[in-house]
Amino acid sequence: MNMKRINFGLGLVALLALSSCADDKFSEFRTDMTKNKKDYLYLNNYEPLKKYVQDLKDAGKCNPDFKLGVALAASEFNEQGIVYCLAGSNFDEMTAGNAMKYASCVDNKGVMNFDNVSSFVANAKDAGLTIYGHTLAWHSQQNNKYLNGLIADRPAPEEPGGDNMYIRYTTAAAGANPWDNQANCKLSEPLEKGASYTLTMKVKASEDCDIAFWPIWNASPNKNQWGGSNDVQYLDTYKATTEWTTLTWKFDAMFTHDMLQFCFGKLGGTIDFDDIKLVKDGSDANLVANGDFATDDISAWGNNWQGPSYAIKQGSGASAGGNFCIKYTTTKDGANLWDHQATYKLAKPLVQGAKYVLTMKVKSTSKAQFAFWPIWNASPNKNQWGGSNDVQYCEAKEISTKWTTLTWEFEAQFTHDLLQFCFGNLKDGESVSMDDITLVKEGTEDNLVENGDFAQNATAGWGNNWQGPTFKCEKIGSGIPLTDKEKKEVLTTAMDKWIAGMMEATQGKVKAWDVVNEALSGADTDGDGKYDLQSATRGTALEADIPNSFYWQDYLGDLDYVRTAVASARKHFEENGGNPEELKLFINDYNLESDWDNNGKLKSLIQWIKDWEADGVTKIDGIGSQMHISCYGNPQTQESKKNAIVNMLKLMAESGKLVRISELDMGYVDANGKDVKTADMTEEQHKEMRALYEFVVKKYLEIIPEAQQWGICQWCPTDSPANSGWRAGLPVGLWDLDYYRKHTYGGFAAGLGAPEYWNENDAK
């Protein structure tokens, strides 16, 4: 019979169990099969799983501290419904699937919230269950935005010194043709016709644009219709970007060129040139005098009739600490503070009488007054020009050429729907840049200014006043990179802060942890005889995983990564009331039971543990094997997998460490090597899975010495829903989605020493 035909719904017995849960926290959780489902009736004979563990303990056949665990969502357990009852009835210990991971507790600003964790711990204690902590250090499910922000470049100084000079051309407007805006440089000596030359230069523009290099023989008697030289050599056009880019042209001179001509006619903005070098093949002599602009002599430089202005500039600009800002540029002189304005339209109006705080970073091309005047633009109370009269005049502040953080605290006088920033005393062509704008209501953390850090390189919501300063997003300097030492120090502090927060939230009640999760890769690229740690920089992490992960080991080092996490866990566990003798720290990983490498990953992990402990201080108590395995329809494959499981358990026993099967679940792979969905499983396939569960649990108890037996955790109590992010639609549970026991429940129970009731059933 196909299991896909079985769909009982939540039965009467289950409902009764739930009703009793409400009365006495949890009761014996049972969902007995109906009598007409005779192939499953034998399951009604089984007691809750943890009874068989207790029987083993009473008989002295397993470690008295052996824990039978289950993974579940902390939020579901906290609801104290059916999941609460299932866990309390069948298991001794729980692992939260996600609630105790970094990204679940730390926001984009590094603020930690452990409310869900604290409730989980308290409810578990009330239910008589222990919690296994998962996980303190991992590359996945980190708050990448916050962590990468900690090690981002420092803002560059405004004026790095006189050793970084360049020439800047500023166009009056974008032209229609490539030749409309030009920079030119007169050569002291003309080029040799027919000789080979190479021109290199660094270029950066205010926006992406095309730039062409057309050397010209300006003194040629061959004139065009406008009286200029007709002897021009048209070379390739390249792309200038908002970052310094090195461009190279190689050419054979067609004429005795006496002028270099650079065309950027369609640019409306600025373009910078630096480190210009023109050399003849076979020579090192630079034919462009002062090509690095080490002095402020630009007498050889000029422009075309369109007249882009040009001048020596110093430095590469400043950074407000991000990638983009918004820049307003005036188009005329201002006489009053209100003459030049930037505006931002709020998605929702402010609450009249509520208190708010506005913070922002601002700089300008010169010292100026900068005012913040929130306004109720939709007000019916209009002034003589038809604009709103309901304006709140907050304090004006002084800004300068350096980034300054400004703050206004105010109580909204009106239901303001528009933020208004005034800088009217700036002259024509001057600019104001703004970044990292936050507006929050007292008692909240939500930023009412969307894209306030301009990370999206977008100006949605922004506008100006009738004086019309132009505005656009602008990429700002990348700043000064932190050294490797500085990054390590910053992240060591961040890791310690995170672990300290978790230990404070759990108050010494969580006594076992995955201190480090999934550290190892599956390859030995450095040839030292063991698999390397996963790394985003050393080619040992999956390319698909890198963008969404944060590899602490790349910054802390392969040894100190683990040593730091272990030391921090032990320190803060004791600080928060935990008995240090009771704390057990595990290294948890997957594919330790792999047959394709003869358990190579486990062998490597055992060696890594020796390396981490070689300092004589670091102590790792146990090894966790995830064991997300499959039952194989191919007998030869299945036998190979079982042999590898046995070998894994023997190696773990030999390590002398505590042993935990940390994330046990199982799918089914048919003889053709394809995963079988729950809906397509046959009765026989379910029974094969039952046998494999029995095998795994029995072998653990047989091979692992009693003193090293920490426990087994069933990762999926029920089958996986079709829309799940984990093994979607696969038969991974001991219960089905309606919370009825499956054959796998019987196999797990039999592994723990329960009778094989299916044999009795078959005999009848």
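The values are calculated or read from the model by the stated rules, or taken from the named source; none is laboratory data. What you are looking at is a predicted structure, and each value in this text was computed from that prediction instead of being measured. Virtual Cβ from ideal backbone geometry, glycine too; neighbours counted across all protein chains shown.
Listed conditions (1) at positive phi; (2) surrounded by 18 or more Cβ atoms within 10 Å (Cβ to Cβ) are all met by TRP608, apart from (1). State yes or no: is ASP621 touching a Ser or Thr at 6+ places or on another chain (Cβ under 9 Å) and assigned by TED's automatic domain parsing to the domain that holds LEU68? Here the answer is no, as ASP621 does not meet what is asked. A count restricted to the range 615-636 and to residues that are without any contact (Cβ under 8 Å) to a residue 12 or more places away in the chain and not in a loop (DSSP other than H, G, I, E, B) stands at 2. Within the span defined as the range 398-406, every residue fails to be in a strand (DSSP E or B) and without any contact (Cβ under 8 Å) to a residue 12 or more places away in the chain.
Within the range 398-414, the set of residues being more than 14 Å from THR359 (Cα to Cα), surrounded by fewer than 18 Cβ atoms within 10 Å (Cβ to Cβ) and either modelled with pLDDT of 95 or more or not hydroxyl-bearing (Ser, Thr, Tyr) (or both) comprises GLU398, LYS402, GLU411, GLN413. In the set ASP180, ASP210, only one residue is under 30 Å from THR330 (Cα atoms) and touching a helix residue (DSSP H, G or I) at 6+ places or on another chain (Cβ under 7 Å); that residue is ASP210.
Among the residues of the range 734-755, write down those that are under 16 Å from ILE712 (Cα atoms), in contact with a Ser or Thr (Cβ under 9 Å, 6 or more places away or on another chain) and surrounded by fewer than 22 Cβ atoms within 10 Å (Cβ to Cβ). If the condition is that a residue be under 16 Å from ILE712 (Cα atoms), in contact with a Ser or Thr (Cβ under 9 Å, 6 or more places away or on another chain) and surrounded by fewer than 22 Cβ atoms within 10 Å (Cβ to Cβ), then no residue fits.
Scanning the range 251-274 for residues that are of a type in the set (A, V, I, L, M), crowded, with 17+ Cβ neighbours inside 10 Å and part of a loop (DSSP other than H, G, I, E, B) yields ALA253, LEU267. Does TRP305 count as among the aromatic types (Phe, Trp, Tyr) and in a loop (DSSP other than H, G, I, E, B)? When the stated conditions are applied, TRP305 passes them.
Taking (1) modelled with pLDDT of 95 or more; (2) more than 18 Å from SER89 (Cα to Cα) in turn, ALA754 satisfies each apart from (2). Of the residues examined, LEU439 is one that is at pLDDT 85 or above and either outside the structural domain of GLU207 (by TED's automatic domain parsing) or assigned to a loop (DSSP other than H, G, I, E, B) (or both). Annotation note: Cβ proximity below 7 Å between a residue of the range 568-584 that is in the same structural domain as LEU491 (by TED's automatic domain parsing) and a residue that is among the β-branched types (Val, Ile, Thr) and surrounded by 20 or more Cβ atoms within 10 Å (Cβ to Cβ) (sequence gap 6+ or interchain) occurs for SER568/ILE499; ALA569/ILE499; ALA569/VAL515; HIS572/ILE499. For VAL562, the conditions (1) over 27 Å from ALA74 (Cβ atoms); (2) out of contact with any His (no Cβ under 8 Å at 6 or more places or on another chain); (3) aliphatic (A, V, I, L, M) all hold with the exception of (1).
The residues of the range 299-326 that are at pLDDT 85 or above and either aliphatic (A, V, I, L, M) or not assigned by TED's automatic domain parsing to the domain that holds ALA174 (or both), listed by number, are ALA300, ILE326. Residue selection: ALA240 fails the criterion of being at pLDDT below 90, aliphatic (A, V, I, L, M), under 45 Å from the mean Cα position of the chain (by Cα) and in the same structural domain as LEU191 (by TED's automatic domain parsing). So, CYS62, is that one under 23 Å from LEU491 (Cβ atoms), in contact with a strand residue (DSSP E or B) (Cβ under 9 Å, 6 or more places away or on another chain) and either of a type outside the set (S, T, N, Q) or crowded, with 16+ Cβ neighbours inside 10 Å (or both) or not? In short, no. Applying the criterion of at least 2 residues that are touching a Gly at 6+ places or on another chain (Cβ under 7 Å) and buried (at least 17 other Cβ atoms within 10 Å of the Cβ) to the strands (runs of 3 or more DSSP E) found wholly in the range 459-563 leaves 512-517. Only residues that are touching a helix residue (DSSP H, G or I) at 6+ places or on another chain (Cβ under 7 Å), over 18 Å from ALA750 (Cβ atoms) and of a type in the set (A, V, I, L, M, F, W, C) were counted in the range 664-703, giving 3.
Yes/no per residue for (1) surrounded by fewer than 22 Cβ atoms within 10 Å (Cβ to Cβ); (2) at pLDDT 95 or above; (3) closer than 27 Å to LYS67 by Cα:
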| position | (1), (2), (3) |
| --- | --- |
| ASN598 | yes, yes, no |
| VAL617 | yes, yes, no |
| GLN638 | yes, yes, no |
| GLU654 | yes, yes, yes |
| LEU664 | no, yes, yes |
| ASP670 | yes, yes, no |
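With the structure loaded, tell me whether ALA754 is closer than 16 Å to LEU68 by Cβ, touching a residue at least 60 places away in the same chain (Cβ under 8 Å) and not polar (S, T, N, Q) or whether it fails that test. Yes, satisfied.
The rows are residues; the columns are (1) more than 15 Å from TYR197 (Cβ to Cβ); (2) buried (at least 17 other Cβ atoms within 10 Å of the Cβ); (3) not assigned by TED's automatic domain parsing to the domain that holds ASP208.
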| residue | (1), (2), (3) |
| --- | --- |
| ILE276 | no, yes, no |
| VAL279 | no, no, no |
| ASN290 | yes, yes, no |
| ASP297 | yes, no, no |
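Here is a check on your reading of the model: is GLU395 assigned to a strand (DSSP E or B), at pLDDT 90 or above and not basic (Lys, Arg)? No.
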